[in-house]
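Student: This structure is in structure tokens; I'll ask about it shortly.
Every number in this text was worked out from the coordinates using simple rules, so none of it is lab data. None of these values were measured; they are calculated from a predicted model. No Cβ is skipped: glycine too gets one built from the backbone with ideal geometry, and neighbour counts run over all protein chains shown.
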Amino acid sequence: MIDLLQFDFMQRALIAALLVGLAAPAIGTFIVQRRLALLGDGIGHVALTGVALGFLTGTAPVLTAVAVSVLGAVAIELVHARGRTSGDVALALLFYGGIAGGVLLISLAPGGSNATLMSYLFGSISSVSTQDVWVIGLLAAAVLGMVAFFGRELYVLCQDEEVARASGLPVRFLSLLIAVTAALTVVIAMRVVGLLLVSALMVVPVATSQQLTRGFRSTMALSMLFGMISTVGGLTSSFYIEVPPGAIIVIVALAGFVLALGLGRFVRRSRPQESSP
Amino acid sequence: MSGGQVSLDRRPVLRGIDLTVKPGEVVAVLGANGSGKSTLIRALLGLTPLSGGSTLLYGAPPARFREWWRIGYVPQRLSVGGGVPTTIREVVASGRIARQRRLRPTSPADREATDRALETVGMARRAADPVQALSGGQQQRVLIARALAGEPDTFVMDEPTAGVDAQSQQLLADTLSTLVDQGKTVLLVAHELGPLEPLITRAVVLRDGFVCHDGPPPHAVGAHALPGHDHVHPHAEEKPASPLDWRPTS
């Protein structure tokens with residue numbers, strides 16, 4: 001572990017991994033509870049268009065990705081709020097549009113090709129620059145800040161939208177907030193695990209910790225811990241065994257889920273029987 | 001609410017309802033399945049948009065109503081959502097939301113109200129258990145505790161007795177009678193009143209989207225009055241409909 005910290009690029013990568021591991025499951029807990037587990041995937045697809053737009057216009061791809069994925073997230077939320085039956089079809093249309101738009105735009109960009117997109121699709125954490133670390137740090141702080149500031153209201157919303165409305169909460173605004181926060185998370189995580197695997201960091205640690213916990217708060221805390229263990233653990237092992245970091249991070253997270261599944265079953269069985277009073 | 005009309009999927013469910021609940025009343029909305037009982041109270045709160053007429057909460061339309069802490073809404077059932085575990089205490093404590101400000105930590109008053117609510121429904125010992133492990137009746141008690149924790153003036157309950165065991169029903173009746181003694185207003189939807197019957201001061205019976213009875217609770221007669229009688233047939237059929245209260249406004 002010490003020799004790995006001697007490299008500057010590895011230091012930057014570890015900081016980025018830590019921040020992503022912390023931020024993604026925090027918003028992920030609300031997303032899972034709201035039955036929007038695939039929201040991250042949808043935004044990830046749309047973000048690809050944003051990345052390509054950055055290359056085409058010569059601006060930083062991270063910034064255009066933020067702009068386009070926030071727009072995409074708002075669109076997804078509006079579709080979700082409006083439609084009932086046609087909702088998932090409309091979402092699917094948006095996903096395809098995102099990928100096709102990305103590939104189309106990148107081919108128009110000078111010197112751009114699908115290979116340029118690969119590092120965004122599958123992540124390239126070892127090429128994270130100091131500036132990237134700052135952007136990731138700011139966005140992660142924004143995500144965690146929003147969860148801390150609106151957490152109580154988001155909890156009520158994700159539990160029962162009607163109760164939230166009957167408590168006078170700004171339901172429309174909070175729903176958009178979740179979508180926008182998810183979009184920011186997608187952009188942060190894009191460099192670490194890649195757009196295609198972004199959602200895994202929002203969903204898998206939450207699924208893992210809910211095998212072991214009984215409360216919402218504890219689920220969120222534990223999932224943030226699992227998130228960090230997966231990203232840092234995956235990154236470290238990729239340094240030693242030369243595999244793509246994004247993939248190994250997700251595999252580590254999934255392995256954790258399988259372990260927790262077995263452990264959770266054991267814990268529940270050894271608990272005193274929950275009898276009705 | 002005056003002249004309230006609601007259509008769901010273009011099918012008229014409420015066709016002109018005039019209803020005013022006065023402070024301190026205990027109103028039961030009765031009627032057969034599909035008569036629009038739940039829709040009525042949801043429309044009253046502005047949760048379901050009206051297609052005609054208007055509804056006022058303490059004199060303000062729902063969109064401009066600000067004093068939501070005065071209303072404690074108890075939905076029909078606990079929604080499980082995406083399945084993230086949550087403890088009984090977390091759910092009950094969230095009933096304080098309309099009284100809390102952002103960034104302000106949970107106050108001692110919040111904690112006391114939550115404890116009291118848990119105590120009232122007999123769930124204090126199980127506060128750290130996940131709600132997912134509870135039976136239907138117990139979940140209903142948690143939902144009522146959530147509304148109690150908010151210390152509202154008016155309780156709006158959607159079928160608090162549906163699918164609830166006898167013990168929980170009795171507990172609900174006891175809780176309600178305490179609330180009534182405190183001068184709280186209660187509006188509840190019920191398919192059958194059971195132990196709640198003596199508490200009800202006014203019954204509103206819905207039929208085909210109209211109010212067909214509004215006044216003292218209709219008393220069960222004959223075999224229906226016998227204890228232990230199982231009420232399984234549709235209600236609207238045998239309720240003494242009083243044509244005087246018919247107010248078709250559309």
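Student: With just the Cα atoms defining each centre, how far is the stretch A:3-41 from the stretch A:50-127? Give it in Å.
Tutor: When both Cα centres are located, 19 Å separates them.
Student: Taking the number of other C-beta atoms within 10 Å as the exposure measure, put B:Lys184, B:Lys37, B:Lys22 in order starting with the fewest.
Tutor: Starting with the residue having the fewest Cβ neighbours, the order is B:Lys22, B:Lys184, B:Lys37.
Student: May I ask you to derive the FRET efficiency for B:Glu119 and A:Phe266 from their Cβ-Cβ distance with R0 = 30 Å, giving the value to the nearest 0.05? Don't jump to the answer; show the numbers that get you there.
Tutor: On the way: r = 34 Å, r/R0 = 1.12.
Rounded to the nearest 0.05, the efficiency is 0.35.
Student: With each pseudo-label sitting 7 Å past Cα toward Cβ, what's the A:Ala100-A:Phe173 distance in nm, one decimal?
Tutor: According to this spin-label approximation, the distance is 3.8 nm.
Student: Between B:Arg64 and B:Thr201, take the C-beta separation as r, use R0 = 35 Å, and let me know the FRET efficiency to the nearest 0.05.
Tutor: For B:Arg64 and B:Thr201, the calculated efficiency is 0.75.
Student: A follow-up question, please. Hey, what did chain A get for relative contact order, percent, Cα under 8 Å, at least 6 apart?
Tutor: Here the relative contact order equals 31 percent.
Student: Continuing with the same structure: So what does the Cα-only Debye profile of the stretch A:3-265 read at q = 0.12 Å⁻¹, as log10 I(q)/I(0), no solvent term?
Tutor: For the stretch A:3-265, the Cα-only Debye profile gives -0.68.
Student: Could you size up the charge dipole of the protein assembly as shown around its Cα centre, putting +1 on the beta carbon of Lys and Arg and -1 on that of Asp and Glu, and report it in debye to the nearest 20?
Tutor: 500 debye
Student: Classify the protein assembly as shown as rounded, prolate or oblate from the Cα gyration tensor: take a ≥ b ≥ c as the square roots of its eigenvalues, call it rounded if a/c is under 1.5, otherwise prolate when a/b beats b/c and oblate if not.
Tutor: Cα axes put the protein assembly as shown in the prolate bin.
Student: What is the set of long-range amide H partners of B:Gly52 at a cut-off below 5 Å, with H atoms built 1.01 Å from backbone N?
Tutor: When sequence neighbours closer than 5 places are left aside, the close amide H contacts are B:Gln5.
Student: Of all beta bridges DSSP finds with both residues in the protein assembly as shown, what is the antiparallel percent, to the nearest 5?
Tutor: Here the antiparallel bridges make up roughly 45 percent for the protein assembly as shown.
Student: While we're looking at this one, here's another question. Only loop residues by DSSP count here, and only those with at most 15 other Cβ atoms within 10 Å; note down the trypsin sites (Lys or Arg not before Pro) in the stretch A:32-117 that meet that.
Tutor: Counting only loop positions with at most 15 other Cβ atoms within 10 Å, the trypsin sites (Lys or Arg not before Pro) in the stretch A:32-117 are A:Arg35, A:Arg84.
Student: Placing +1 on the Cβ of each Lys and Arg and -1 on the Cβ of each Asp and Glu in the stretch A:3-265, which of A:Tyr120, A:Pro170, A:Leu48 has its Cα farthest towards the positive end of the resulting dipole?
Tutor: Farthest towards the positive pole: A:Pro170.
Student: At B:Arg101 and B:Val80, where each label point lies 7 Å from the Cα along Cα→Cβ, what is the point-to-point distance in nanometres?
Tutor: Those two pseudo-labels are separated by 3.9 nm.
Student: While we're on this one: Determine the shielding of peptide A:206-218 by partner chains: average, over its residues, the number of Cβ atoms on other chains within 10 angstrom of each Cβ.
Tutor: Average neighbour count from other chains, rounded to a whole number: 5.
Student: Could you work out how much longer the chain between A:Leu138 and A:Thr116 gets when fully extended? Use 0.36 nm per residue separation minus the Cα distance between them, nm to one decimal. Could the numbers behind the result be given before it?
Tutor: Numbers: separation 22, 0.36 × 22 = 7.92 nm, distance 2.53 nm.
5.4 nm is the gain from fully extending A:Leu138 to A:Thr116.
Student: With a cap of 13 neighbouring Cβ atoms within 10 Å, and only residues DSSP puts in a loop, list the GluC sites (Glu not before Pro) found in the stretch A:89-194.
Tutor: Details: sites: A:Glu153, A:Glu161, A:Glu162; in loops: none.
In loop regions of the stretch A:89-194 (DSSP not H, G, I, E or B), there are no sparsely surrounded GluC sites (Glu not before Pro).
Student: Continuing with the same structure: Can you give the Kirkwood hydrodynamic radius of the stretch A:150-277 from its Cα pairs, in Å with one decimal?
Tutor: Value: 16.6 Å, from the Cα pair sum.
Student: Go through B:Met157, A:Ser199, B:Ala203 and say which Cα lies farthest out towards the positive end of the charge dipole of the protein assembly as shown; charges sit on Cβ, +1 for Lys and Arg, -1 for Asp and Glu.
Tutor: Farthest towards the positive pole: A:Ser199.
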